[in-house]
Amino acid sequence: MTVQPPVNSLRSLPDDTGHFGQFGGRYVAETLMPLILDLEKEYRKAQDDPEFWAEFDALMKDFVGRPSPLYYAPRMTEHFRALAPEGKGPKVYFKREELNHTGAHKINNCIGQILLAMRMGKTKIIAETGAGQHGVATATVAARFGLECKIFMGATDVERQKPNVFRMKLLGAEVVPVKSGAMTLKDAMNDALRHWVAHVHDTFYIIGTAAGPHPYPELVRDFQSIIGKEVREQIMEKEGRLPDMLVAAVGGGSNAIGLFHPFLDDPEVAMTGIEAAGLGIESGKHAASLTGGKPGILHGNKTYLLQDEDGQITEAHSISAGLDYPGLGPEHSWLHESGRVRYVPITDDQALEAFQLCCLLEGIIPALESAHALAALPQLTAEMDEDKILVVNVSGRGDKDIFTVAEALGVEL
Amino acid sequence: MSNRFETAFAKGPALVCFITGGDGDTAANLDALVEGGADVIELGMPFTDPMADGPAIQEANIRSLDKGTRTADIFRMAAEFRTRHPHVPLVLMGYANPMTIRGPEWFAAECAKAGVDGVICVDIPPEEDAALGPALREAGVSLIRLATPTTDDARLPAVLEGSSGFLYYVSVAGITGMQQAAQASIEEAVARLKAASDIPVAVGFGVRTPEQASKIAKVADGVVVGSALVDLVRQHGDKAAGPLKELTSALAGAVHSAR
Ligand SMILES: Cc1ncc(COP(=O)(O)O)c(C=O)c1O
């Protein structure tokens, strides 16, 4: 059930029209507008319906395997404490989203959205995917509930991510290779929207991150907030107090907002969102929309975007397919401008180093997306006192990335 | 300025022709449309991510951008068109980001300066009107809104509020250049829209042939053709003016003699 946040809360947005300050909104074609309004109505009903949340919670427990552990990472803690100045080097905890069914946080959102789809009487599911993680999670819930499922995936990504393409097919989904534009995630989203416009009567679009037209950023955030809510309980149990720092990678921003949102009104909890800096901000080949972009309108919302002076969207670059998108969710744009969350760019090389370190020191192979969050630890731990607590979201496991990492390290498999 | 629209629609059913700016020899193509008998011109502003367009217009956008077309070029094409054709209404059609990136006031002022009569922005529904609508109305440029098969009676007043020039009825729930709508559904929709509003109603999406155009012109104030013309630019490159004029003449003949 939803509890109204207090007045002046940082958790009360979006407003009634779906805006986070100047960001967010519903910038969609007229054909989609009535459906978007319907979805909002249905979500408001679900929000206040204990049965909806009971079903959500039951699936989270027995199908997804929640709660995911909050794990004290002893060797990472010691490693960075040894490198840090005297008295610095906080305790490092991992939120283990990589242990969820399908290996990432994406499933949390898919469960919530498919329950909404069924309440709306929709019989067909579509989704966009980059690396295939959201595609696999969507195909999984579609199989679980017996709904027809089409996944739009850039033709370039279909080629690069063959194992996930096969997984989706095993789960009964049709994978549609998208041949427009650069044939990657942004184009997959364009084609999913194009398909949706022509099939609004029976089709539900499960958007994979906390972006898109209102109410998607809000509802994806609410479904992913289970991450932060669990961390709150778990850290109270283990440490008897709230953490001092939260760290998460930001692609579209769903795992990050899911971790951050339940803590936004706790001023003692600092937060760092990690953007993908690719080959470096100055190279122009990156996916850091906040650091290297400016506000604009794309895919149904106003938010920071990588674009030129004319408002043409530019291609993103990141070694991590899940971060390889030229925008991010509107709430992050607002949290950035309000100063509540600090956003830091991390390069491909930094992420690769953190990826390997995590494997060696903790016995956990993290997703390349999550490795971006881990790569902020050298800097953050050097600034924080020994008695502080840092929680990093390990949003997914890295099995899907071993080919990419091998290639980057010059290893032939 | 909006009386260019009034004149264009006063003569009976009007033919509205769309091409993408910067795709092929745009000046020659625009002249061919006017010579062929187009009553209203829609000039597409290219965008990297044309979410509401099918393959034909998507590719036209990419061809144009690959040639280096900038927003300044589109306004130059518009201003030159206005000089050559003082009386033909000119509409810019495109997406929110290129239109709002320098601020809506900047865009509206450039439109007014170039002699643009109206603007169609695909991804700014009435709910987000503040992003562009007030600036256009202030500058005396018509905001032309889209109504679709999913626009029910409850929404229609919001769609009509603040729109002028004409109302663009998107006859199919879908993207440009795909299937055509059933004539019966078009008739019913146009009747519903005309009962709710005084501005002319033009029907588009999926209209390719003079036969289709003629049927629609019997019931609507205007017929919009886009992808069929853009296909000719793809086929003929910089030498598309002749074929464009030929198809436009056939379409104009069908539309103008429908009633
Ligand atoms: C494991 C993992 N983490 C993070 C992301 C980035 O998405 P978001 O920012 O929505 O969490 C992805 C996207 O595919 C992912 O697979």
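The values are calculated or read from the model by the stated rules, or taken from the named source; none is laboratory data. Just so we're clear, the structure is a prediction, and the values are computed from it rather than from any experiment. Here Cβ is always computed from backbone atoms with ideal geometry, including for glycine, and neighbour counts include all displayed protein chains. Note: accessible area is taken over every heavy atom of the protein model, side chains too, but ligands, DNA and RNA are not part of it. Shrake-Rupley method; radii C 1.70, N 1.55, O 1.52, S 1.80 Å.
Things to note:
- Failed item in (1) under 19 Å from residue B:78 (Cα atoms); (2) touching a Ser or Thr at 6+ places or on another chain (Cβ under 7 Å); (3) of a type outside the set (D, E, K, R), with residue B:131 passing the rest: (1)
- Condition met for residue A:233 (away from the ligand (no atom under 16 Å from the Cβ), outside any strand (DSSP E or B), open to solvent by 10 Å² or more (accessible area, probe 1.4 Å) and under 18 Å from residue A:91 (Cβ atoms)): yes
- Residue check for residue A:206: over 11 Å from the mean Cα position of the chain (by Cα) and either modelled with pLDDT under 95 or open to solvent by less than 10 Å² (accessible area, probe 1.4 Å) (or both): yes
- Any hit, region A:207-226, residues being in contact with a strand residue (DSSP E or B) (Cβ under 8 Å, 6 or more places away or on another chain), β-branched (Val, Ile, Thr), away from chain B (no Cβ under 14 Å) and within 16 Å of the ligand (Cβ to nearest atom): no
- Test: residue in region A:266-288 that is within 16 Å of the ligand (Cβ to nearest atom) and free of Cβ contacts under 8 Å to residues at least 40 places away in the same chain: yes
- Residues in region A:143-199 that are open to solvent by less than 20 Å² (accessible area, probe 1.4 Å) and touching a Cys at 6+ places or on another chain (Cβ under 9 Å): A:168, A:173.
- Segments classed as helices (runs of 4 or more DSSP H), wholly inside region B:3-112, with at least 1 members that are within 23 Å of residue A:305 (Cβ to Cβ): B:55-66, B:71-84, B:96-100
- Residue within region A:377-387 that is outside any loop (DSSP other than H, G, I, E, B), open to solvent by less than 20 Å² (accessible area, probe 1.4 Å) and within 16 Å of the ligand (Cβ to nearest atom) present: no
- Between B:39, B:49, the distinction of being farther than 21 Å from residue B:215 by Cβ and among the charged types (D, E, K, R) belongs to B:49 only.
- Total residues in region A:146-180 satisfying the condition of being out of contact with any strand residue (DSSP E or B) (no Cβ under 8 Å at 6 or more places or on another chain) and within 14 Å of chain B (Cβ to nearest Cβ): the figure is 2.
- Only one of the listed residues (A:38, A:57, A:62) is acidic (Asp, Glu), touching a residue at least 24 places away in the same chain (Cβ under 8 Å) and surrounded by fewer than 20 Cβ atoms within 10 Å (Cβ to Cβ). That residue is A:38.
- One residue alone among B:165, B:118, B:177 is more than 9 Å from chain A (Cβ to nearest Cβ) and modelled with pLDDT under 95, and that residue is B:177.
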